[in-house]
1. Just to be sure before I move on: is Leu96 under 24 Å from Tyr181 (Cα atoms), surrounded by fewer than 13 Cβ atoms within 10 Å (Cβ to Cβ) and at pLDDT below 75 in the structure I sent?
2. Can you tell me which residues in region 119-140 are part of a strand (DSSP E or B) and not polar (S, T, N, Q)?
Amino acid sequence: MAKFCPECAHPISDNSLPFCAKCGAKLPTTSAEAQPSAIQSTVTSQSRISTQNEKDKFDRNSVIKVILLVFVGSLILFMVILPFAYNNFDLSFSSLTGYQVRVIYPGQWTGGYAVDNSALTYITGSGTRTYDVQTPTVIVAIAAKKEDTSSQRLTVQILKGGKVIKSDFTDAPKGTIASVYQI
């Protein structure tokens, strides 16, 4: 009766060896009860290979899931967290080509901005706020006032294509600041 390795199903030609010549697996004892038949050995080996294939498939799926999770996490970080970390983060088209006005102050503030002969647009808020404005032909103006007595800096800026072209500030309690840019 032919003997086979229980691990790799390789035929065993030398019964005196305690291990498989192909895979190195320890061979069972040589008693008749301990030796599985060739069919049992092959079935056991195929079962182990099938189990290993399932483990490999599971490992590949796990790796893919981890990669997707990292990608989605990075995307969320880029789209959600970074704008809050950099209050002036803006991906709008006008931030790249047009004009904007910005107020920077950690406390409450009120103010307004106007372009050319247009009506004043009133604004209020806290923290950093950036507003897209229509493309001016003559002038852009912005003004803001602190709503508290803090000596922290209140800054107003005028931007073109996302770059600051005019910036003014005040550190005075209840301070007011205005900035005008002529085209």
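1. Considered against the rule, which asks whether it is under 24 Å from Tyr181 (Cα atoms), surrounded by fewer than 13 Cβ atoms within 10 Å (Cβ to Cβ) and at pLDDT below 75, Leu96 comes out as yes.
2. Matches in region 119-140: Tyr122, Ile123, Gly125, Gly127, Arg129, Tyr131, Asp132, Val133, Ile139, Val140.
The values are calculated or read from the model by the stated rules, or taken from the named source; none is laboratory data. As the structure is a prediction and not an experimental result, all values here were calculated from the model. Note that we place each Cβ from the backbone using ideal geometry, even for glycine, and neighbour counts take in every protein chain shown.
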